[in-house]
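The values are calculated or read from the model by the stated rules, or taken from the named source; none is laboratory data. Quantities reported herein were computed from a predicted structural model and do not represent experimental measurements. For neighbour counting, all protein chains shown are included, and Cβ atoms are generated from backbone atoms with ideal geometry for every residue, glycine included.
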Amino acid sequence: MTTAILQQPGKTADKTPAARKPNRSFVHGLLTNKKALTGMAVMFVFIALALLAPALFPGDPSRITAMASLEPSAEHWLGTTAKGQDVLALTVHGSRSSLFVGLTVGFASTFIGILVGLASAYFGKFIDEALSLVTNVFLLLPGLPLLVILAAFLPPGLGTVILVLVITGWAGSARVLRSQALSIRSKDFVAAAVVSGERAGRIMFREILPNMASIVMGTLLACVIYGIGAQAGLEFLGLGDVSTVSWGNNLFWAGNEGALLTGSWWVFVPSGVCIALVAFALALINYAVDEVTNPRLRKIKTPKVNERSASK
């Protein structure tokens, strides 16, 4: 095995083009995929609104600006709440908290999943058994009751929501990434790296992880969707910090103020639609990643047969 990987005399080993080629094709595939472009365009709009919210609606978005329960009009495009707050300002400012929590939970859960999955797959034996046991324990715990219990006993705030969602969300990504890392661990190039004496950390993060780019991307997007949806659910139940402005808290106050009973649809529909649109956009990007990395999901274009050849 060692002689097969030795460099031949007179030739220089250039691993850079071969290593970068899959990344280039992956990025090019996403940039030419209609689903990915649509999802990225929707996410760009929401991220831009979140960043520009203080400039678009300066001051406290929760302040009373008009009469209570006004329907959408030219002055208030999305109407006002039962307290007289501008719904559009609450919705735009709410994107800041919801996107921040979703992205933070997504990156943190995926990062923990990468560490646990790579370590479990690479070292195996006792480490794999111990990490798999911990992962299985978190997977077997009922998610929603655990979320409610942790959120109820910890002090309210964005930090608490993020901590609770990361604790309950990392195990699923770890299981998926471990499965993928195990299949790559048995490849010849990993064995060659082990024989050549490379360190474990370099093999895991320079040899195995780059070949998991697509599954890591899909896991990240799924964790972001989970973070946004779970935060909205917790806050709708009143387990978040009700003093902050977010899509979940907007739904919580809409329910408490009787928007559903009074038919004030403009109070709760915008935040719900925003959550659905962000989840839809991320799901489109996730599906596009699967299409780019899995040839069986791509649409094969068959050449058109002209009428003359068909008649013959």
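Values for this structure:
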quantity	calculated
Single unsatisfied condition, ALA74 versus (1) closer than 29 Å to ARG185 by Cα; (2) not in a helix (DSSP H, G or I)	(1)
Top-ranked residue of segment 145-158 - restricted to ones that are assigned to a helix (DSSP H, G or I) and either in contact (Cβ under 8 Å) with a residue 24 or more places away in the chain or within 18 Å of the chain's Cα centre (by Cα) (or both), ranked as nearest to SER120 (Cα to Cα)	LEU147
Residues of segment 220-272 satisfying the condition of being of a type in the set (S, T, N, Q) and buried (at least 16 other Cβ atoms within 10 Å of the Cβ)	GLN231, THR244, SER246, ASN249, ASN250, SER264, SER271
Single residue of segment 101-123 satisfying the filter (modelled with pLDDT under 95 and among the aromatic types (Phe, Trp, Tyr)) that is nearest to the chain's Cα centre (by Cα)	TYR122
Matching entry among LEU146, LEU139, LEU99 (being touching a helix residue (DSSP H, G or I) at 6+ places or on another chain (Cβ under 9 Å), of a type in the set (A, V, I, L, M, F, W, C) and crowded, with 19+ Cβ neighbours inside 10 Å)	LEU99
Selection status of GLU75, among the charged types (D, E, K, R), closer than 30 Å to MET204 by Cα and without any contact (Cβ under 8 Å) to a residue 24 or more places away in the chain	no
Close pairs from segment 31-50: first within 18 Å of GLU291 (Cβ to Cβ), partner hydroxyl-bearing (Ser, Thr, Tyr) and part of a helix (DSSP H, G or I), Cβ under 6 Å, at least 6 apart	LYS35/TYR287
Tally of residues being modelled with pLDDT under 90, small (Gly, Ala, Ser) and part of a loop (DSSP other than H, G, I, E, B) across segment 200-247	3
Filtered residues of segment 51-71 (kept if in a loop (DSSP other than H, G, I, E, B) and either of a type outside the set (S, T, N, Q) or without any contact (Cβ under 8 Å) to a residue 40 or more places away in the chain (or both))	PHE57, PRO58, GLY59, ASP60, PRO61, ARG63, THR65, ALA66, MET67, ALA68, LEU70, GLU71
Meets criteria (under 27 Å from the mean Cα position of the chain (by Cα) and either at pLDDT 90 or above or surrounded by fewer than 22 Cβ atoms within 10 Å (Cβ to Cβ) (or both)) for ARG308	no
Residue that is nearest to ARG202 (Cα to Cα), among those in segment 82-123 that are touching a strand residue (DSSP E or B) at 6+ places or on another chain (Cβ under 9 Å) and in contact (Cβ under 8 Å) with a residue 40 or more places away in the chain	VAL87
Candidate set from segment 165-213 (those that are closer than 20 Å to ASP290 by Cβ, polar (S, T, N, Q) and crowded, with 19+ Cβ neighbours inside 10 Å); member that is farthest from the chain's Cα centre (by Cα)	GLN180
Which numbered condition PHE138 misses (of (1) at pLDDT 90 or above; (2) assigned to a helix (DSSP H, G or I); (3) within 28 Å of the chain's Cα centre (by Cα))	(1)
All positions within segment 255-295 that are closer than 15 Å to SER214 by Cα and at pLDDT below 90	VAL289, ASP290, GLU291, VAL292, THR293, ASN294, PRO295
